[in-house]
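Q: Sending over a structure as C-alpha cells; questions will come in a sec.
The values are calculated or read from the model by the stated rules, or taken from the named source; none is laboratory data. Nothing here was measured: the structure is a model prediction, and the numbers come from that model. As a convention, Cβ positions derive from the backbone with ideal geometry for all residues, glycine included, and neighbour counts pool all protein chains shown. All accessible areas refer to the heavy atoms of the entire protein, side chains included, with ligands and DNA or RNA removed. Shrake-Rupley method; radii C 1.70, N 1.55, O 1.52, S 1.80 Å.
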Amino acid sequence: PSKWACKACTFLNLYNKSNCEICGTRSCLSSFDDLKVTNFNDEADSSVGSVFLPLKPCNKRKIREPNLGNEDCIELGGFRGIKASNKAVQIEDSNSGSIKASLKILSYNVWFREDLEVHKRMKAIGDLIQLHSPDIICFQEVTPMIYDIFRGSNWWKGYRCSISDNTASLRAYFCIQLSKLPVKSFRREPFDNSIMGRELCMTEVEVSGGETTLVVATTHLESPCPAPPKWDQMYSKERVEQAKVAINILENNPNVIFGGDMNWDDKLDGRFPLTDGWIDAWNELRPAEDGWTYDTKSNQMLSANRTLRKRLDRFLCKLNGFKVCAVEMIGVEPIPGLSYTKEKNVRQEKKLLELPVLPSDHYGLLLTISSQ
C-alpha cells in the first residue's frame, strides 16, 4: 500500500493516516521525497534537524501494546543475586564446543526507513554480520518488515531471537537481541516515563559451560524531538531517568554489557549516570577519538541534512572475570553501486543531490571482550 514518510521522525505511514502513527505529525508535512530538512530557519540550533527527530508522539499518551503474555519474558534464571567468581572465565563456542579466546557483541540502530533501499541496506548489515560473526547482536529500530528480511537471511539461523514472530508483527518498531550462546532468559522492562514505548531489553547467556553468566542489555532511550509546534522537546530529563533506571536494574549482576542507541547528548544530558565499577568502552579504549556514531559529515548519505555529530550509541560495561579488548564502528562505508536522489532547500533554492546509501543512518558498534 502507498505510504508517506513523516518529516519529524521518518516513519512510514499509510496514506489513509492523516497523522504519523509514531509522532503525530500531520501528513501535510511529509512526502515521498523525505530526508528533506523541514523548513528550519538559519538561526535554529545545529542539533535541530530531521535526522535527530525519531519517534515522538505529540500527545501525552503512552504507546500501548497488545497484551502479549509472557512469551518474551522467559525467566529460566534470575537476573539478580548471581555470585561473582574469581575464577578465570572461559568462553565456549556453542556450535563447536571449543573454547574461544574472545566474545563479540554488536549494537546497531538499523534505521526504520523502509522506503530507502531497505532490502539492500539490510543485506549490507547481514553481510557485516557474516564478516564479523558477533556472538550476540542488539538491534534497535527494527520494524516488522525489517524483522522479516532478517528472518529470511542465512545468517539468522545461527542465532536465537529474543522475541517471537507474532510479537514482531504486532509492534511498529522495537529492539531485538540475538544470541549464538546458550540463553538462560530473555526479559523486557518498559520505562514508566516513556511516551515512545521505550524499554530495557536483557538477555542472560551462559559462558564457560554454564559456570558463568553474562547479561547483555540493549535499549533505545527517549529521542530528542525539536519539532513544531514546540522546539524544546529534547526529553533530556526522561532520557537521564531511563538511563538511571537501567543501570539500577543491571548493576547487581557481576558481568553486564549494556549497549544500544542511548540518544545521549553530553552537553544536554551531562555525563552518563554510571555508578562505581562501570566503564564506557569507547572512553576506556579510544579516549582520544570522538566516536560519533551519528555523523552527517562522514556519513555522506546524510550530508544534505543539517550538521549533527553525536556519540549516540555506546557500550557500557561492568565486568568481573572479563575485560574489554576492542571497540570499533562498522557500516561506515557506502554500499557499492547504490545511490538515491534527495532534494534540499538551500536558502529558498531547491537543489537535487545524488547521494550514496549506507547500511543505516547510524554506524554500528562492535565490542570485543575476553576472559581475564
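Q: Scanning the stretch 251-305 for residues that are modelled with pLDDT of 95 or more and of a type in the set (Gly, Ala, Ser), which turns out most open to solvent (accessible area, probe 1.4 Å)?
A: ALA288
Q: Counting only residues that are open to solvent by 30 Å² or more (accessible area, probe 1.4 Å) and of a type in the set (A, V, I, L, M), which one in the stretch 129-147 is farthest from TYR173 (Cα to Cα)?
A: The extreme case among them is LEU131.
Q: Follow-up question, since we're still on this one. Which members of the stretch 267-304 meet the condition of being within 30 Å of ASN345 (Cβ to Cβ), within 20 Å of the chain's Cα centre (by Cα) and of a type in the set (Gly, Ala, Ser)?
A: SER298
Q: Return the residues of the stretch 227-249 that are surrounded by 21 or more Cβ atoms within 10 Å (Cβ to Cβ) and modelled with pLDDT of 95 or more; say none if nothing qualifies. Don't jump to the end; show me each part of the working.
A: In the first step, residues of the stretch 227-249 are kept if they are surrounded by 21 or more Cβ atoms within 10 Å (Cβ to Cβ); the result is 227, 234-235, 239, 242-243, 246.
Selection gives ARG239, GLN242, ALA243, ALA246.
Q: Also: Just checking, how many residues over the stretch 114-159 are charged (D, E, K, R) and not in a helix (DSSP H, G or I)?
A: Total satisfying the criteria: 5.
Q: Among the residues of the stretch 184-226, which ones are over 25 Å from LEU106 (Cα atoms) and modelled with pLDDT under 95?
A: ILE195, CYS225, PRO226
Q: When you go through (1) over 24 Å from the mean Cα position of the chain (by Cα); (2) under 30 Å from ASN252 (Cβ atoms); (3) open to solvent by 60 Å² or more (accessible area, probe 1.4 Å) one by one for GLU328, which number turns out not to apply?
A: Status for GLU328: all satisfied but (1).
Q: Could you list all residues from the stretch 342-372 that are touching a strand residue (DSSP E or B) at 6+ places or on another chain (Cβ under 9 Å) and without any contact (Cβ under 8 Å) to a residue 40 or more places away in the chain?
A: Passing the criteria: LYS350, LYS351, LEU352, GLU354.
Q: Does SER153 satisfy being in contact with a helix residue (DSSP H, G or I) (Cβ under 7 Å, 6 or more places away or on another chain), open to solvent by 10 Å² or more (accessible area, probe 1.4 Å) and either at pLDDT 95 or above or over 26 Å from ASP115 (Cα atoms) (or both)? Full working, then the answer.
A: On the way: in contact with a helix residue (DSSP H, G or I) (Cβ under 7 Å, 6 or more places away or on another chain): yes; open to solvent by 10 Å² or more (accessible area, probe 1.4 Å): yes; either at pLDDT 95 or above or over 26 Å from ASP115 (Cα atoms) (or both): yes.
The answer is yes for SER153.
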